[in-house]
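Here the structure comes first, spelled out in structure tokens, and everything after it is commentary.
The values are calculated or read from the model by the stated rules, or taken from the named source; none is laboratory data. Since this is a predicted model, take the numbers as computed values, not measurements. What goes into the accessible areas is simple: the full protein's heavy atoms, side chains included, and nothing from ligands, DNA or RNA. Shrake-Rupley method; radii C 1.70, N 1.55, O 1.52, S 1.80 Å.
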Amino acid sequence: MKALEQSSSFRGSKVARLTSHAMKAATFCLLLVNPAAFAQSVDPQTDEQYFDTVRQELSLSEEQFDAVEPILAEGRQKQSDILASYGVDLTSTGEAPDLGRRQAMAMRAELKEVRKAMMTELEAVLTDEQLDTFAKMQQEQADKRRAEIRERMRSRF
């Protein structure tokens, strides 16, 4: 009897792990195939609102802000251009085109390169503490987007 209980307990935990893995895989696939799920969850902040948030959160001096603002503006513009080149429109609420896996991965790689270049430029202007805070801000935003995507996926099923 004890062996049966252990066996069913094992199966239950295995099912839970598989369910968790399935949800993660589904979320990943949604991001790869339909970047609109990712893009449309972005807070519709204007550049001015975004810059004000960054200025406050990082406690930037005037000199730092004057150096950071064009870096962030250029990065946001490049990211927007990349998304637009793949048919993703952040200003609309309609469905974005479904991208194949290769296209989605290429788009993701391009966006990653822009973020990497932006961080390299910011390293010359910000202190280590400010860079850490900025990275945390970006991570929090990414976590928020992932949670929104997961919620959308749950509502679909």
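Numbers for the structure displayed
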read-out	value
In order through the stretch 136-143: 3J(HN,Hα) via Karplus (6.51 cos²θ - 1.76 cosθ + 1.60), integer Hz, x for Gly, Pro	5, 4, 5, 5, 4, 5, 5, 4
For Thr46, solvent-accessible area (1.4 Å; no DNA, RNA or ligand), Å²	70
